[in-house]
Every structure is written in structure tokens, then in C-alpha cells.
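Structure first, then comments.
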Amino acid sequence: MPDISAGRLDAADYGKNFSDVHPPLGAHEAVVESDRCYFCFDAPCTNACPTSIDIPMFIRKIGTGNVVGAAETIFSSNILGGMCARVCPTETLCEEACVRNLAEDKPVRIGLLQRYATDHYLDRHAAYGVRAPATGRKVAVVGAGPAGLACAHELALKGHEVTIFEARGKAGGLNEFGIAAYKATDDFAQREVDFILGVGGITVEAGKALGRDITLAGLKADFDAVFLGLGLQAVNALGVEGEETAGVVDAVRWIENLRQSPDKSEIEVGARVVVIGGGMTAVDAAIQAKKLGADDVTIAYRRGAAEMGASPYEQELAQVNGVRILHWVAPKAVVSEGNAVAAVDFERTALNEAGRLVGTGRMVRLAADQVMKAIGQTFVAGPIEDGETVALESGRIAVDEDMRTSLAGVWAGGDCVRGGEDLTVQAVDHGKRAALSIHATLSA
Amino acid sequence: MADLRTNFLGIKSPNPFWLASAPPTDKKYNVERAYRAGWGGVVWKTLGEDPAVVNVNGPRYGAIHAGDRRLAGLNNIELITDRPLELNLREITEVKKAWPDRALVVSLMVPCEEQNWNSIIARVEETGADGIELNFGCPHGMSERGMGSSVGQVPEYIEMVARWCKAATRMPVIVKLTPNITDIRYPARAAKRGGADAVSLINTINSIVAVDLDSFAPVPTIDGKGSHGGYCGPAVKPIALNMVAEIARDPETFGLPISGIGGIETWRDAAEYIALGCGTVQVCTAVMTYGFKIVEEMIDGLKQYMDGHGFSTIEDFRGLAVKNLSDWKYLNLNYIAKAKIDQDLCIKCGRCHIACEDTSHQAITHMVDGIRHFEVKDEECVGCNLCVNVCPVDGCITMEAMTPGSVDPRTGKVVPAQYANWTTHPNNPSAVAAE
Ligand SMILES: Cc1cc2nc3c(=O)[nH]c(=O)nc-3n(C[C@H](O)[C@H](O)[C@H](O)COP(=O)(O)OP(=O)(O)OC[C@H]3O[C@@H](n4cnc5c(N)ncnc54)[C@H](O)[C@@H]3O)c2cc1C
Ligand SMILES: Cc1cc2nc3c(=O)[nH]c(=O)nc-3n(C[C@H](O)[C@H](O)[C@H](O)COP(=O)(O)O)c2cc1C
Ligand code: SF4
Ligand code: SF4
Ligand code: SF4
């Protein structure tokens with residue numbers, strides 16, 4: 001019988017395992033770290049930030065004891081600066097660009113400094129920004145993820161009235177349902193949502209789904225502009241025999257349950273877990289399985305370490321947490337025993353002379369009590385196909401530089417658009433840019 | 001290995017590192033710990049007449065910090081010793097007896113009457129101390145009572161008191177100078193005229209280190225009020241070095257022995273003072289920051305430096321920089337240098353660019369062919385050295401002298417081989433025509 005159960009740990013261990021991965025900096029640490037910043041000209045870190053936060057400026061403000069001002073610098077570019085400080089893969093963004101890598105292989109810890117400033121601000125302020133006089137214009141935002149929230153906040157600042165329609169029962173998008181629990185502790189996602197809405201002028205209609213309760217045509221008729229921040233709704237299938245066997249779960253859903261469960265000891269996890277995939281979701285699922293008490297967790301990825309969507313830093317984090325990463329294996333079949341999963345058969349892969357991934361015929365069997373699928377999410381176009389057509393490209397919504405879709409009066413951003421990096425900070429930038437474009441259009 | 005032994009006015013010490021008259025030398029306990037740690041000598045915390053002065057009971061120090069809270073400058077409102085004279089004299093006697101190979105100089109400050117100086121000197125003589133240092137420098141508290149810097153700011157008083165003291169004792173007399181004057185040469189010349197054997201400098205600089213922006217009072221704050229204090233520590237070193245240099249090159253005081261004080265933290269700081277002619281150096285803030293142990297680094301570093309340069313004694317390099325001290329007007333205007341960036345060391349922070357672009361001569365690129373790249377444009381560079389100073393990587397930007405005969409791309413003129421200065425420059429209205 002497969003060994004899947006909840007409550008593998010002592011009660012006290014759950015709290016410990018799901019506390020902050022990177023404990024916040026104290027005041028002393030923050031000042032010491034801020035001293036390391038060179039206040040670079042045309043700062044490479046800022047150029048690497050999708051939301052272009054003026055990093056040297058906010059760090060300088062921390063150094064001079066002006067922590068509130070530091071946070072304001074951050075929020076003026078990125079209203080979700082608090083969440084981004086927690087979830088951004090800084091090692092591939094600002095911190096990778098920091099000149100201190102060249103100097104001594106140790107970037108300024110920008111993410112932690114950003115968290116220091118934004119935490120300080122959220123502890124003292126209910127909102128950021130002052131709204132411009134009311135314009136009388138109304139904008140509909142669909143989806144209350146990072147893209148939708150950033151768009152709504154910027155529009156509210158400009159004096160527009162915003163209504164966010166969110167299919168789920170609460171706002172936050174993947175910040176609330178997807179991000180690893182140890183990255184957004186203490187219900188931070190909801191605190192941040194409240195902080196963003198605190199500016200005023202934004203109404204959230206939760207439980208209202210586009211395509212089910214409302215239509216795009218209806219929104220276009222009732223509002224002056226529409227922003228779509230729908231995210232990705234489906235997960236890719238493995239396409240192998242036995243995929244439907246009990247014990248094979250979708251990693252995103254499994255994480256969602258984990259995030260939504262106030263008591264982590266209620267979440268079932270296998271003794272031996274095999275996670276299939278190579279991105280951030282795979283790493284998050286694997287680490288959290290380990291933190292729930294799984295004995296043996298393996299990430300199985302069809303290519304090499306360099307090709308993994310998860311950064312080298314995240315791969316290392318997985319390994320430090322006791323997760324094994326197996327490269328160059330492609331799933332072929334889920335092996336069941338009785339009605340439950342028992343193992344996964346993989347074929348060893350390699351690159352042929354043409355550089356294409358091919359099977360080698362050599363098989364590997366990994367015993368498993370639970371299998372998690374984490375091979376990517378896809379956009380579901382259904383909700384936007386209601387007579388009006390929004391053009392797609394590579395399966396996602398096509399947008400121009402200002403985040404306009406093919407349909408006049410409709411903008412889109414975040415994971416649901418083509419060419420995104422599927423990062424929170426990217427979604428924030430899209431939302432903000434769309435808002436500025438909407439504002440420019442409405443003011444014309 | 002280099003021999004660090006010094007003989008300053010006949011006072012011998014195993015190395016030139018003395019502790020300046022200050023809290024670290026206030027009592028036997030500290031001084032013996034310092035000797036044990038390796039310090040070559042001490043100047044005992046300034047003695048005065050009984051009844052002893054009293055210090056404030058609130059904070060007496062304030063500071064400014066550089067990056068990482070490194071103490072850059074210290075300010076104090078402490079007075080001279082607040083212990084009874086008798087106790088200090090007894091301890092001085094005991095310490096000198098127990099540590100005969102170390103220098104022990106006693107600092108003094110009494111009211112400006114010959115009788116007062118005579119009587120305290122007589123008592124110091126009985127301790128067996130090696131010399132006395134006249135504290136004409138303390139800028140706070142004591143100066144309000146007509147002592148310290150209020151004497152040190154009047155050359156005639158310095159000369160007078162120095163003369164009394166020389167007449168009253170067999171011991172060498174060192175006059176400690178205050179920097180709180182406009183031209184340090186006047187008090188130094190006065191000390192020499194009065195017969196002083198040496199000068200030591202600098203004492204602390206009048207200062208307010210900070211203002212508390214909640215209570216609106218100077219720091220350190222005593223019950224809501226503050227007064228100016230004396231500033232010392234690494235931040236004052238450049239000021240002190242200049243004053244030492246002025247005395248070292250002044251024809252009237254040339255050759256007068258100097259004990260250098262001000263911001264010395266490392267062997268390098270000490271070596272710089274010695275290169276400007278100092279026979280010994282004195283340290284206060286650095287030990288108040290790091291403790292006595294730093295002298296190990298100073299001794300070893302100085303020895304390594306001397307060995308590396310083939311100097312076997314301190315005298316071998318003492319004063320070597322004096323001959324290179326010059327008036328601005330004699331600097332060679334035909335010496336032309338250009339900044340050069342070592343691309344292998346450059347970390348591309350852009351500080352050099354923005355400094356030169358915003359405040360200097362627009363001589364450093366930031367983008368070349370669409371790539372972030374910092375390079376000096378020789379045709380714009382005036383050789384000012386600002387970029388070198390703001391670059392975070394030591395040695396990344398260097399100033400390279402142009403060879404005579406080559407063409408300076410900035411002016412289009414050939415770099416002359418011969419020396420020429422302002423005194424003969426055509427733009428100088430009072431230029432003396434070169435014959
Ligand atoms: C497991 C996991 C871990 C991740 N970890 C990180 C990380 O560490 N760092 C990082 O930067 N990024 C991470 N990401 C990616 C990041 O979460 C997303 O890029 C980001 O949330 C995208 O924001 P969004 O607003 O476009 O979409 P979402 O956050 O997906 O929000 C879309 C919102 O729209 C709503 N919606 C969808 N359809 C409808 C409809 N028809 N009607 C109304 N509402 C609708 C959804 O309910 C949801 O609230 C992770 C993603 C996953 C899945
Ligand atoms: C390179 C340089 C040149 C200066 N030239 C002048 C000058 O021509 N006239 C003047 O009154 N002060 C001059 N100053 C002094 C400054 O105005 C200022 O008083 C001094 O630098 C102290 O201020 P700060 O250290 O807080 O910047 C100069 C300072 C620098 C660094
Ligand atoms: S690149 Fe690094 S050192 Fe430069 S401004 Fe950014 S954080 Fe500071
Ligand atoms: S030396 Fe002065 S002028 Fe030349 S590049 Fe450096 S800062 Fe600019
Ligand atoms: S200041 Fe120094 S390290 Fe920075 S760009 Fe200029 S040369 Fe390079």
C-alpha cells in the first residue's frame with residue numbers, strides 16, 4: 001500500500017518548517033548592508049528590475065535612517081514591492097546585475113533590504129499614495145493577481161474608479177494560492193492586498209468569473225476600459241500511461257491546498273515523492289513535500305541543470321533541503337499497484353548530434369508513493385471567447401508594448417500574455433504599464 | 001629586522017609608539033597594561049593642582065562614523081585628570097621604577113603663574129619621570145579658566161611658560177600645541193624661543209560633532225545642553241599632518257624635535273608622521289576604539305615597511321618627506337597626467353563617470369557601442385584625480401604621467417621636458433620674466 005498520510009511531523013515542527021526561508025534583516029544588519037551599495041550611476045540593478053525600482057536611492061535612504069522614504073521609493077515603482085522582496089528570484093534579476101558580483105562575488109542583498117523597508121512601511125501605514133481628483137472614469141480589471149492589483153492601484157492613484165472581478169473567493173492570485181508557504185509567511189499576501197486596496201477607489205467583486213458570471217462584451221459596455229490579468233488556469237498533462245492513477249497530483253493544486261490550509265499537518269504527503277518538472281513550481285512542491293515530512297523527494301527533469309527553469313540558487317535551496325535532483329530523465333509510465341501509484345518509469349534522455357532531446361532506451365524506475373506533476377501551466381482562452389475575439393499568440397494573449405490587446409479598449413498583462421517571464425514582478429510591471437496606457441488613453 | 005628604538009630628547013623607548021596624554025594613560029592600571037601590550041612610552045594624563053577638577057557625570061564623548069559605523073572622529077568634553085595629585089605622583093613613581101626601559105612623560109597644566117609651575121615641576125622631578133609635556137591645547141573647560149588652549153593661542157604666553165619650566169627642571173620640556181589657531185608656526189616658534197626641547201601636536205580641534213534633532217541640543221548632551229568639545233581620531237589626521245609639515249619646513253623651527261599626534265591608527269599613519277620629521281608619535285583615539293593590542297600591528301607593520309625599504313633605524317627615513325613639501329607656486333605646471341582605468345579591475349559602478357560628468361570635466365564614457373564601458377577621454381581629462389578618489393576599487397584608476405615630447409590631446413600642445421611654475425607663468429600678473 002502506498003504510504004501517503006498527513007501529520008508526519010510533531011506539531012511544533014510545522015511552525016518551524018514553514019517559517020521564513022530568509023529571516024528579515026534587523027535594523028543593524030540593514031544599515032551594514034546598505035553601506036555596501038556604491039550608489040552606481042545608471043545602476044545595473046535598477047536596469048535588471050522589471051519594475052525599474054530606483055535601488056541605489058532606496059538603499060541610500062535606508063542608510064540615512066529614512067526607511068519610510070526608502071519604502072516610498074520602492075512603492076512608487078512597484079506597489080507589490082513587499083511580495084517581490086520575498087519571491088523575486090533576485091539571483092537572476094537585480095542581485096545578478098549588482099556590480100559587487102564583479103568586485104567580490106557577493107551582491108548587495110537588495111531583496112532583503114527591500115523587504116526591510118517595505119515591512120517597516122506596512123507596519124506603520126495602511127496604504128501608499130494619494131489619489132488624484134476623481135476623473136469619473138471606470139475601469140474593469142479581471143483577475144486579482146499581481147498584474148490586476150498593480151494595474152488597479154495605479155489606476156486608482158490616477159483618479160479612476162476600479163472594479164476588480166475575481167473568480168475565486170479572495171484576491172491575491174498566485175501570491176495567495178501558489179507562492180511557497182515559506183516565502184510568504186504570516187498571511188502576507190492578504191496583508192498586502194489590504195494595503196493595496198487601502199488607497200481607495202478599488203472595489204473587489206470576488207467570486208465573479210469572466211465567462212461564467214460576466215462577459216467581455218458586458219464589461220466593455222459598462223466600463224471605459226478593461227484589463228485582463230487572468231494568469232494561467234490549466235496545467236500541462238504528462239501524456240503518459242497511468243497519469244490518472246490515485247496518488248498522482250497536480251503540483252499547483254497541491255500547493256494551493258497547502259497554502260489555504262491553516263493547519264499544515266492536515267496536508268497529505270507521500271513517504272517517497274517524485275516531482276516531475278524543472279521549474280519554480282517543481283522546486284517549491286519538492287521542498288514543501290520535504291518540509292511536510294516526506295522521507296525521500298526526487299525532482300525528475302528531462303534535461304540538464306543549466307536548462308532548468310529554476311535558477312541555480314533555487315536548485316541549491318532544494319538540495320540543501322534534502323531534495324534529490326535527477327537530470328536527463330523523461331517520464332514514460334506511471335506504474336500502479338492495486339489502484340494506487342507505486343513507481344514511475346523514466347527513460348534516460350540525451351541530446352543527439354543535432355542538439356535535440358532524444359530517448360536513449362535505458363530505463364530508470366523510481367519507486368513513489370506520490371507523484372507531483374509540475375511541467376508547466378497553460379492559458380485557458382475560454383473566458384475571453386464570447387463573440388469578441390482577442391488575438392492570441394503562442395497560446396497566450398497578444399499585446400503591444402503598452403499592453404494593449406487586439407481589441408480596442410482591452411489591455412492585458414501578467415502570465416496570461418505572450419512573452420512574459422511568469423514572475424510576480426513581471427506581472428506587476430505589466431499591470432502598471434497597462435494602467436499608464438489606459439490612463440493616457442482615457443485622458444486623451 | 002629593523003630596529004625601532006628611539007631616542008627623543010634623550011628619552012629612550014623601544015619603539016616610537018607612545019600613548020598620548022588622555023584616558024588611556026590616566027592611571028597605573030592602564031599604563032601597565034599598555035606597556036605589557038608593547039607600547040614604547042606614555043604621556044601621563046595631564047596633572048593639575050589639587051583640589052582635582054571634576055568631570056561631567058553625563059556623556060563626555062560624541063563621534064562621527066564612516067561606513068559600517070567605523071569610528072572616524074571622536075569628540076570629548078573631558079577635563080584633565082580628576083584624581084588627586086598625590087595619588088597620580090605615587091603611581092608614576094611606581095610605574096617608572098617597574099618599567100625603566102619605557103618612556104614616561106608627565107603632562108602638566110596649572111594656572112599661568114611661575115610659582116604654580118615651579119611647585120608642580122618640583123614634585124614631578126621626584127617621581128623619576130623622563131620629561132614633561134606642557135598642555136597648552138585642551139580647547140574646552142580648562143580654556144574657560146585661562147589654561148589649556150587659552151594659553152596656547154597666545155604665543156607670548158607659550159614662550160613665557162616654556163622659559164619658566166626650562167629654568168625649573170633638568171627634564172626635557174615638550175610643548176603640546178593647540179590646532180585652534182590660524183597659523184601653527186607662531187606658537188611653535190614661541191615654544192622654541194622659550195627654550196622648549198620639542199613640540200608635540202596636535203591637541204584636539206574645537207568641534208560639535210552632531211546636533212540631536214529631537215532635543216535640538218549638541219551631542220554629547222548633558223541634561224538638554226551641550227558645549228563644544230575637542231575633535232580627534234582618523235578624521236583629523238590630514239589637519240595634523242599639515243601642521244606638522246608647516247613646522248618641519250619653517251626656517252625658524254626647522255630641526256625642532258616633534259612628537260606627532262592626530263588620527264594615528266596604523267603603522268602607515270605613524271610612518272607618514274615620521275617621514276615628515278617626527279621622532280615619536282602619540283596615539284589616543286585608536287586605542288580608545290580598539291584597545292592596546294593594536295600596537296602589535298603598528299610595530300610589525302613598521303618593521304616590515306622599513307625592511308622592505310632597507311631602513312635599519314627610524315632615523316634612516318625620518319624627515320625624508322620634508323624636502324618635498326612645496327608652496328603651490330613652485331609646483332611644476334609642465335607635469336601632465338591622465339587618468340587611466342584598468343578594465344580588468346573595473347566593476348562598472350559608474351562612479352567615476354558621474355563624478356567627472358557632473359562635477360569635473362566630462363572626460364569618462366559610460367557607454368561605448370551600446371555597452372556599459374568606462375574609459376577616460378584623454379582629450380578632455382585635466383588629470384584632477386577625482387575619479388581615482390571616488391572609485392571603490394583601490395588601484396583601478398591610476399594617474400599616468402605623460403612623457404615629455406608627446407602631445408597632450410586636450411591642449412594639442414607638446415608636453416615640455418623642462419620644469420616651469422606659476423612664478424614665471426604668462427598669466428601671472430606678477431610673474432618674474434625668466435631671463
Ligand atoms: C507554484 C508557483 C510558485 C511560484 N513561485 C514564484 C516565485 O517564487 N517568484 C515569482 O516571481 N513568481 C513565482 N511564480 C509565478 C507567479 O506567481 C506568477 O507569475 C504571477 O502570480 C502572475 O500574476 P498574474 O496576476 O498574471 O496571475 P495570477 O497570479 O495567476 O492571478 C490571476 C488571477 O486571475 C483570476 N482569474 C483567472 N481567470 C479568471 C476569470 N475567468 N475571471 C475572473 N478571475 C479570473 C485568478 O483566480 C487569479 O486570482 C510561481 C508560480 C507558481 C504556480
Ligand atoms: C575642489 C574644491 C574646491 C573648492 N573651491 C572653493 C572655492 O573656490 N571657494 C570657496 O569659497 N570654497 C571652495 N571650496 C570649499 C567648499 O565650498 C566648502 O566650503 C568645503 O568643501 C566644505 O564643505 P563640505 O566638505 O561639507 O563639502 C572648495 C572645495 C573643494 C572640495
Ligand atoms: S548595482 Fe549593487 S552596488 Fe550598484 S547601485 Fe545596485 S545594489 Fe548598489
Ligand atoms: S582625472 Fe579628473 S578630469 Fe580626468 S577623468 Fe578623472 S575626474 Fe575626469
Ligand atoms: S569608479 Fe572605478 S570601478 Fe567604478 S566604473 Fe569607474 S573605474 Fe570602474
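Taking region A:408-440 as the range and being touching a residue at least 60 places away in the same chain (Cβ under 8 Å) and not in a helix (DSSP H, G or I) as the test, the residues that pass are A:GLY409, A:VAL410, A:TRP411, A:ALA412, A:GLY413, A:GLY414, A:ASP415, A:CYS416, A:GLU421, A:ASP422, A:LEU423.
Across region A:3-20, the qualifying residues are those that are in contact (Cβ under 8 Å) with a residue 24 or more places away in the chain, open to solvent by 50 Å² or more (accessible area, probe 1.4 Å) and more than 20 Å from the chain's Cα centre (by Cα), and the one among them that is nearest to the other protein chains (Cβ to nearest Cβ) is A:ALA11.
Highlighted here are the strands (runs of 3 or more DSSP E) found entirely within region B:140-218 that include at least 3 residues which are over 25 Å from B:ILE121 (Cβ atoms): B:205-207, B:210-212. Restricting attention to region B:373-385, the residues that are within 12 Å of ligand 5 (Cβ to nearest atom) and buried (at least 18 other Cβ atoms within 10 Å of the Cβ) add up to 2.
Quick check on my filter: what residues within region B:315-345 are closer than 13 Å to B:VAL390 by Cβ and within 14 Å of chain A (Cβ to nearest Cβ)? The one that is closer than 13 Å to B:VAL390 by Cβ and within 14 Å of chain A (Cβ to nearest Cβ): B:ILE341.
From A:ASP263, A:ASP284, grab the single residue that is among the charged types (D, E, K, R), more than 16 Å from ligand 5 (Cβ to nearest atom) and at pLDDT below 95.
Working: A:ASP284 fails: at pLDDT below 95.
Answer to the check: A:ASP263.
Considering only residues in region A:81-101 that are within 11 Å of ligand 3 (Cβ to nearest atom) and of a type in the set (A, V, I, L, M), the one that is nearest to the other protein chains (Cβ to nearest Cβ) turns out to be A:VAL99.
Among the strands (runs of 3 or more DSSP E) confined wholly to region A:151-230, which include 2 or more residues that are open to solvent by 30 Å² or more (accessible area, probe 1.4 Å) and of a type in the set (A, V, I, L, M, F, W, C)? Outline the logic, then answer.
Working: elements: A:161-166, A:202-206, A:225-228.
Fully inside region A:151-230 and qualifying: A:202-206.
In region B:349-400, what residues are outside any loop (DSSP other than H, G, I, E, B), closer than 21 Å to A:PRO56 by Cβ and touching an Asp or Glu at 6+ places or on another chain (Cβ under 9 Å)? Within region B:349-400, B:HIS353, B:ILE354, B:CYS356, B:ILE364, B:MET367, B:ARG372, B:ILE397 qualify. Just to be sure, is B:THR359 open to solvent by 30 Å² or more (accessible area, probe 1.4 Å), polar (S, T, N, Q) and farther than 28 Å from A:ALA48 by Cβ? So B:THR359 fails the test. Look at B:THR285 and say whether it is closer than 21 Å to B:LYS45 by Cα and of a type in the set (S, T, N, Q). Yes; evaluated as a whole, the condition is true for this residue. The residue that is surrounded by the fewest Cβ atoms within 10 Å (Cβ to Cβ), counting only those in region A:25-75 that are among the hydroxyl-bearing types (Ser, Thr, Tyr) and more than 10 Å from ligand 3 (Cβ to nearest atom), is A:THR64.
Yes/no per residue for (1) assigned to a loop (DSSP other than H, G, I, E, B); (2) within 14 Å of another protein chain (Cβ to nearest Cβ):
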position	(1), (2)
A:ALA103	no, yes
A:PRO107	yes, yes
A:LEU113	no, no
A:ALA117	no, no
A:ARG124	yes, no
A:ALA127	yes, no
A:ALA132	yes, no
A:VAL139	no, no
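Just to verify a result, which residue in region B:48-77, among those that are charged (D, E, K, R) and touching a residue at least 12 places away in the same chain (Cβ under 8 Å), is surrounded by the fewest Cβ atoms within 10 Å (Cβ to Cβ)?
Within region B:48-77, the first condition is being charged (D, E, K, R), and the residues that meet it are B:49-50, B:60, B:68-70.
Restricting the remaining residues to those that are touching a residue at least 12 places away in the same chain (Cβ under 8 Å) gives B:49-50, B:60.
Working: B:GLU49: 15, B:ASP50: 9, B:ARG60: 17.
The extreme case among them is B:ASP50.
For region A:352-363, state whether one or more residues are crowded, with 19+ Cβ neighbours inside 10 Å and in the same structural domain as A:LEU258 (by TED's automatic domain parsing). Show your work before the answer.
Start the filter on region A:352-363 by keeping residues that are crowded, with 19+ Cβ neighbours inside 10 Å, which leaves none.
No, region A:352-363 has no match at all.
Per the listing A:ARG115, A:ARG109, A:ARG131, the residue uniquely open to solvent by 30 Å² or more (accessible area, probe 1.4 Å), touching a residue at least 60 places away in the same chain (Cβ under 8 Å), within 23 Å of A:ALA27 (Cβ to Cβ) and of a type in the set (D, E, K, R) is A:ARG109.
The values are calculated or read from the model by the stated rules, or taken from the named source; none is laboratory data. All of these numbers come straight from a predicted model, not from anything done at the bench. For neighbour counting, all protein chains shown are included, and Cβ atoms are generated from backbone atoms with ideal geometry for every residue, glycine included. Surface areas here come from the heavy atoms of the whole protein model, side chains and all, with no ligands, DNA or RNA. Shrake-Rupley method; radii C 1.70, N 1.55, O 1.52, S 1.80 Å.
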